[in-house]
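Contents: one structure, followed by commentary.
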Amino acid sequence: MSGSTQEGVIDWDTVEYEYRLVAGVLDDVKCTTEDDLERFRLSVATQGKFKSSLLHQIERGYVFYDEQHLSLFEEIVVEWNGLETSDRARPPWDVKSRKVIEESIQSRRLHPQFLQTWGWMHTLYGRLTGLMTAEYIADEERIAMMAEDNANKKRVPKGESFASMKLRNISRGNSGSLKLQEYWYALWMKHNAKSLRPRDREDAAEELALLCQHIRYGLTNPWPDFEPQWFGQMLTESKANNQRFELCRPTDDAKLEDQELTKRFRDLTMATLEKLLKFEEEIRPFLPPLKASSFKKR
């Protein structure tokens, strides 16, 4: 323990300084929830219109999202804040907070419980710095892979901060930029299908697929701020020539091919749809209407 003098007297000012330093780092640890990540992905998908605080948190450097490490970060948060009793890195008595250290600093009195609690705090700090290093390395590996994948595409701008690269890592969860379409599909089913069960969604899915065809083929105007291709991405490929359907442009409804929504949407489970609907009120202003009659024919 730092803070000891040659005479064996404890320099409590140094002890207090070190405590504030280590405790400050442990206090700042925030484990990112799945809702936090989803809010960020929605922010990316809406070009920042959907608000997310994750960018600011990650720029501070104390937000962790890697699934491989998240449970270990959560253990540290739980132990440090005394949210539950854990045998790992715990003193042999029931310590619910760091009050043992704070009371010793205030009273300037050294005792065994202080020494053991001090060691426990530094054990947590050591685990935290080890995990931070592991996640940083994992991020670098993912970023390197992303740069390789994008070798012939837009490269990472020079001087881009590690935080922004980390955020772009998270945004890869948008899976081909269909995040908003999934939300639109979920809301469409809620408001137009008998229920969210797959068999009860068939009629509503057919209606949605037909609307997407009308928009993609130019028979119906797209909703403002949405390109026809946005709707077309929800449809299967052309069955007639095994090419993308945008190559064919029928001039009336009768010539539309029998296309359906892609498997990605058809296979969405009830549980997934219910999860998407958690954000209904917040995301709905950024989506097209939920009725075909709201779109204008050309």
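Nothing in this text is a laboratory measurement; each read-out follows from the coordinates by a stated rule. Since we're looking at a predicted model, the values are computed, not measured. Counting neighbours? That spans all protein chains shown, and the Cβs are built from the backbone with ideal geometry, glycine included.
General remarks:
- Spin-label model, Glu202 to Asn221: label points 7 Å out along the Cα-to-beta-carbon direction sit 3.6 nm apart.
- Scalar couplings 3J(HN,Hα) for the range 102-118, obtained by applying the Karplus form with A = 6.51, B = -1.76, C = 1.60 to θ = phi - 60°, are 4, 5, 5, 5, 5, 8, 6, 10, 9, 8, x, 4, 4, 4, 5, 5, 4 Hz; x denotes Gly and Pro.
- Cβ-derived FRET efficiency at R0 22 Å, Asn192 paired with Arg298, nearest 0.05: 0.45
- Estimated FRET transfer efficiency (Arg264, Ser107; beta-carbon r; R0 45 Å; 0.05): 0.10
- With a threshold of 27 Å on the Cα-Cα distance, the over-threshold entries among Lys275/Lys296; Lys51/Lys278; Lys49/Lys194; Lys30/Lys179 are Lys275/Lys296; Lys49/Lys194.
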